[in-house]
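Visitor: Mind having a look at this structure? Questions to follow.
The values are calculated or read from the model by the stated rules, or taken from the named source; none is laboratory data. Quick caveat, the model's predicted, so the values are computed rather than measured. Cβ placement follows ideal geometry from the backbone for every residue including glycine, while neighbour counts extend to all protein chains displayed.
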């Protein structure tokens, strides 16, 4: 689907050898534009030449990149890889915490992670996704009506793939309709990096602090009200019980559900649609048999990998992975996007096959950090893609595939725009 950028990724030319903790670390040199525009190509070369490689990763600095499926799965369940950043391991405060503590959910390890996940699982259940589906279908239909009235050529990202999941998330959390446009702007601003990386968390943290107080005074049936009950230790039967969230954890949960539940689903919807447009036979197959939608979402999640790699992990001791020993105290990036394209696990991984056995894909992670929002993301993608294909029978790309650009973001694997013709 995606064509490689003109400049190839530069890999070290010296012979591969096993690294130990006493060896000098030779970094793999990356061309940033090639990585952003063709991460699958980079990952394929690394899987063959240096599957566990020290790299200079855009946005992360020096890190170890793990690319083979078997190693990725092993790393995601290895307790010697911690989520807590190095600056916190020494007792310092992370930039995220300095901005209000809203990132805490991403940066904790057992036993706190175990307790928090258990509480959130009881509030964030697959049943909630099922209950939300009719409203999601209404949201999709409304957006499609607006698209149909707006002309033949649109940017599918701005018109559909972005507004749909943020509206669904706002419905789930009980965010007032009047505030949703502001939330959308904040989430979009965060993707621009720079000063926004500090400003947006502070502003959203302040907003959710006020909204949490409002939900405590007048609770509803929404997820944020359930999380407030968890904070207060008084969750009703069947919602949240078994302990209480701290104030920071409650704030972190609200923030994380908006941020993590937005960008990844946007990428899955937009990149999934692009994949179908690039392989019209599979798109026709799905149109003819809508019962394939659940399987299609799994295959498109595998193929597009909305996240290139999981958030950074840190070795707490020397860690053997494959033929390499990663020293203690190192930053590690586990490339789930690479694992999903590993031919050792998936035959013909660089093509979409809606009949493929996708079991074991790691688009939603693996192990204790498996995405809590996976049921919601699956439901949203099914609704969004199903409604789009059902409404517009002749949708097509406006520009050649090679002219599409991908956002210069290391973690996320998402398009900058997706211009399509609806008729």
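Visitor: Provide a single number: the residues in region 297-313 that are touching a helix residue (DSSP H, G or I) at 6+ places or on another chain (Cβ under 7 Å), surrounded by 20 or more Cβ atoms within 10 Å (Cβ to Cβ) and either modelled with pLDDT of 95 or more or not in a strand (DSSP E or B) (or both).
Guide: So the first thing to find is which residues in region 297-313 are touching a helix residue (DSSP H, G or I) at 6+ places or on another chain (Cβ under 7 Å), and the list is 297, 300-301, 303-311.
Filter again for surrounded by 20 or more Cβ atoms within 10 Å (Cβ to Cβ), leaving 297, 300-301, 303-310.
Retained after the next criterion (residues that are either modelled with pLDDT of 95 or more or not in a strand (DSSP E or B) (or both)): 297, 300-301, 303-306, 308-310.
Of the residues in region 297-313, 10 are touching a helix residue (DSSP H, G or I) at 6+ places or on another chain (Cβ under 7 Å), surrounded by 20 or more Cβ atoms within 10 Å (Cβ to Cβ) and either modelled with pLDDT of 95 or more or not in a strand (DSSP E or B) (or both).
Visitor: Give the number of residues within region 54-88 that are surrounded by 21 or more Cβ atoms within 10 Å (Cβ to Cβ) and closer than 22 Å to residue 346 by Cβ.
Guide: 9
Visitor: Here's a follow-up. Which of the residues that make up region 68-84 are farther than 27 Å from residue 31 by Cβ and in a loop (DSSP other than H, G, I, E, B)?
Guide: 77, 78, 79, 80, 83, 84
Visitor: How many residues, within region 108-127, are surrounded by fewer than 19 Cβ atoms within 10 Å (Cβ to Cβ) and out of contact with any strand residue (DSSP E or B) (no Cβ under 7 Å at 6 or more places or on another chain)? Reasoning before the result, please.
Guide: Kept after step one, since they are surrounded by fewer than 19 Cβ atoms within 10 Å (Cβ to Cβ), are these residues of region 108-127: 109-115, 117-118, 121-122, 125-127.
Of the ones still in play, those that are also out of contact with any strand residue (DSSP E or B) (no Cβ under 7 Å at 6 or more places or on another chain) are 110-115, 117-118, 121-122, 125-127.
Total meeting the criteria: 13.
Visitor: If you don't mind, there's one more thing I want to ask. In region 107-124, is there at least one residue being assigned to a helix (DSSP H, G or I), within 27 Å of residue 375 (Cβ to Cβ) and modelled with pLDDT of 95 or more? Before the answer, list the steps.
Guide: Going through region 107-124, the residues assigned to a helix (DSSP H, G or I) turn out to be 107, 112-123.
Within this subset, residues satisfying the condition of being within 27 Å of residue 375 (Cβ to Cβ) are 107, 112-123.
Right, trim to modelled with pLDDT of 95 or more and you get none.
No, because not a single residue in region 107-124 is assigned to a helix (DSSP H, G or I), within 27 Å of residue 375 (Cβ to Cβ) and modelled with pLDDT of 95 or more.
Visitor: Take the residues of region 43-67 that are outside any strand (DSSP E or B) and touching a strand residue (DSSP E or B) at 6+ places or on another chain (Cβ under 8 Å): which is modelled with the lowest pLDDT?
Guide: Residues of region 43-67 outside any strand (DSSP E or B): 43-51, 58-60, 67.
If we keep only those that are touching a strand residue (DSSP E or B) at 6+ places or on another chain (Cβ under 8 Å) too, we end up with 46, 50-51, 60, 67.
Numbers: 46: 94, 50: 93, 51: 96, 60: 80, 67: 97.
Ranking the qualifying residues of region 43-67, first place goes to 60.
Visitor: Going by what's in this entry, would residue 367 be described as in contact with a helix residue (DSSP H, G or I) (Cβ under 6 Å, 6 or more places away or on another chain), at pLDDT below 95 and surrounded by fewer than 19 Cβ atoms within 10 Å (Cβ to Cβ)? Before the answer, list the steps.
Guide: Working: in contact with a helix residue (DSSP H, G or I) (Cβ under 6 Å, 6 or more places away or on another chain): yes; at pLDDT below 95: yes; surrounded by fewer than 19 Cβ atoms within 10 Å (Cβ to Cβ): yes.
Yes, satisfied.
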